[in-house]
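Have a look at the structure below, then the notes.
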Amino acid sequence: MTRLLGAEIRKLWTIWSTYVLFGIVVVIDLAFGFGLALAPGGRHGGSAGVVPHGSSQWFINVFSVLDVSRILALVLGAIIITGEYRHKTVTPTFLAEPRRGRVVTAKLGISFGSGVVLGALTMVTGLVLGFVLVAMKVHSCLTPLGVSQGMSQALCGVRHGVYYVATTHNMWHDWSRIAPGVVLGTGLFAIYGLGLGALLKNQIVAIVVGLVFTLVVEAIVGAIWPTIGEYLPGQAATALEDAARTNFGGTTQLLPWWGGACMLLIYGIALAFLGTFTTLRSDVT
Amino acid sequence: MATIQARGLTKRFGGEVLAVDHLDFDAVPGGVTGFLGPNGAGKTTTLRMLLGLVTPTSGSVLIDGHRYRDLPNPTMRVGAVLEASGFHPARTARNHLKLTATVAGLPFRRVDECLDLVGLSEAADRSVGGFSMGMRQRLELARAMLGKPDVLVLDEPANGLDPQGIAWLRDFLRVYASEGASDRGGKRIVIVSSHLLSEAQLIVDDVIVLTGGRLAAQGRLQDLLAGSKRSVRVQTPDAERLVQALRAASLPAVVRDGYVVCDGATPQAVGPIMVENRIEVHEMVSSTESLESLFFALTGGEGMQVGHGVASTGDYRRFDDGPAASPSVGPIGGQA
Ligand SMILES: Nc1ncnc2c1ncn2[C@@H]1O[C@H](COP(=O)(O)OP(=O)(O)OP(=O)(O)O)[C@@H](O)[C@H]1O
Ligand SMILES: [Mg+2]
């Protein structure tokens, strides 16, 4: 199994599409983070109204958009298995390890691992984002006052120093509240993506089904039958994030975090299992 | 010593296409076994069943009594070069091989050795997407050779190879088959499917001929050819005398196109007669039936029908069209 895992890791880092996917994650995180933070009118306050910059609630709002990365974790998981069919590399893969269940198990492990890496990358990006936002605010505070007035400039410096310390403290606090949920969520979502891929086999179909289900179907079901909605993968992943409960007025109904984790794991493994016994058992010609 | 046994091997695709139909065969070590048959005969399907990629509908094909998927580390026992095997276009040749080497627990030194063996060392760090067909075929062979397997299975390995490559492959397979697998004290099994009959004739010792998913013939090529027509052709200024001498020895000689032709004779029979009669010889050719004509005899009528020549107007016709009534265009043109 160690050898299989080793080969699966190598498969990922020997093609550039993996790096592109990770790059896209960073770009999307930055776009969403800045977009939300800099949106005019304090819309990011949700039902709580306008939230002051640098407050704890403000950081929670900014960081909690980072869970969009789980969509890309789903894509990554799906690619890990459907890519083999797309490029017909299943033939050498199954020649080297004809026990297909073992191959899928190794892929489950690697999906989780790379999903976690993707989540970690997201949260590091979030940290950079937070520092940049704080620095921008401090800088914009400084400029209008800083016109060679000795005393007031020093005062301003102290004021902004205090502001900087206070806000970065908020930032660290909220970041550490959000990070575990996002990282676990991306890891589990990658498993879910792998399961979809194992069942559907076709790369485009698996990705489209995964995205449409997560972004459209779940939203509709969640709105009409919240009790069913909370058991669906997207909501289950949201449940992992402690912060989500306090965010946006807590409008959605969610499972406890461990319940969300279990649901996601069940989705991923059940789909992969089904896939192994249907698609993956079929002939490779 | 490795053995491969197929018993009652059957594969039906989607309930209707009977690709392989109750096939029994044995492949024996120590020589190259040719796996021959027309398009759609079931060669690829059979080889893929042997390799655990396709599940038989019924029957079995076993390597040393085991199914492929029950072999603990199959890379070390069986190497395979397959037609539709894939490569990730962005991955380099070296990394492609490292994947199999990793799963098999082989040192990466072996990857370099195999790349060198097939002449791809120079291209090792180029991505496979830019490889020519022949280069991909070589890379497949390198992958098959990673574990120094004592069973080597090749489906149309000559596809895309240049003449040097084909000649090299021929020698390689012959030597590889006759070498012992040192650690097992036995000889190796090499199975090659091919359409290039003249090429196959040069390398195969045994043949298994399939048509329509069934076994048409199996055995040593020599034996199969021995039962067929042979003849001796001699060029000599003394044609008349030779014909009389041969007829006196009750060999049916005739003069044809300036040569003395003696059907059903062997050089061993004709030679002494010429020496005895002190007949000057300029050329003597002994011909046996070729693998090609044997193949047509065995598979004739079955498989996909080929059109009977090209119409005099120069139009191409579909393989399976009857005689063309009006000018039509071949498979790709689609103007019919
Ligand atoms: N995946 C599949 N689904 C349905 N039919 C298939 C499949 N694979 C092969 N067949 C059919 O099985 C038969 C045997 O095909 P196979 O590829 O084994 O022939 P072959 O002897 O390798 O031919 P060729 O010389 O053209 O390579 C053909 O009729 C083919 O159409
Ligand atoms: Mg074939």
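Quick note: the coordinates plus some simple rules give every number you see, no bench work behind them. Predicted model, so just to flag it, every value in this text is computed and none were measured. Cβ sites come from the backbone with ideal geometry, for glycine too, and all protein chains shown count toward neighbours.
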**Asked** DSSP H helices in chain B with Cα extent of 20 Å or more along the helix axis and mean Kyte-Doolittle hydropathy at least -0.5?
**Response** B:163-178
**Item:** Most mobile listed residue (B:R77, B:R12, B:R247) in chain B, GNM with C-alpha springs under 10 Å
**Value:** B:R247
**Message:** Need one value for A:95-102: mean number of C-beta atoms belonging to other chains within 10 Å of its residues' C-beta atoms.
**Reply:** 6
**Complete:** Per residue of A:256-268, other chain Cβ atoms within 10 Å number on average 0
**Fill in**
Here the whole-number average of other chain Cβ atoms within 10 Å per Cβ of B:49-62 is 2
**Asked** Expressed as a rounded percentage, what relative contact order does chain B have, with Cα pairs under 8 Å and six or more residues apart?
**Response** 19
**Complete:** By the Kirkwood definition, with r running over pairs of different Cα atoms, the range B:119-228 has a hydrodynamic radius in Å of 15.6
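What does the highest-first list of A:177-188, B:202-213, B:232-243 look like by mean Cβ count within 10 Å?
Output ranking for A:177-188, B:202-213, B:232-243: A:177-188, B:202-213, B:232-243.
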**Item:** Estimated vicinal HN-Hα couplings, Hz - the range A:164-173 in sequence order (Karplus 6.51, -1.76, 1.60; Gly, Pro = x)
**Value:** 4, 4, 5, 6, 5, 4, 4, 4, 4, 4
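How much FRET efficiency would the formula 1/(1 + (r/R0)^6) give for B:D64 and A:T285, where r is the Cβ-Cβ distance and R0 is 35 Å, rounded to 0.05?
Working from the Cβ atoms, E equals 0.90.
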**Complete:** Candidates B:D257, B:D112, B:D150; GNM for chain B (alpha-carbon contacts under 10 Å) flags as most fluctuating B:D257
**Prompt:** Say we join alpha carbon atoms closer than 10 Å with springs in a Gaussian network model of chain B; which of B:E199, B:E122, B:E156 then has the biggest fluctuation?
**Reply:** B:E122
**Request:** Work out how much length A:S176 to A:I9 would gain on full extension: take 0.36 nm times their residue separation and subtract the Cα-Cα distance, in nm to one decimal.
**Result:** 57.3 nm
**Request:** State, to one decimal in nm, how far the label point of B:S250 lies from the label point of B:Q235, with both points 7 Å from Cα in the Cβ direction.
**Result:** 3.3
**Request:** Determine the alpha carbon to alpha carbon distance for each of B:K98/B:K148; A:K11/A:K107; A:K88/B:K98; B:K11/B:K187; B:K11/B:K43; A:K201/B:K11 and list only those over 19 Å.
**Result:** B:K11/B:K187; A:K201/B:K11
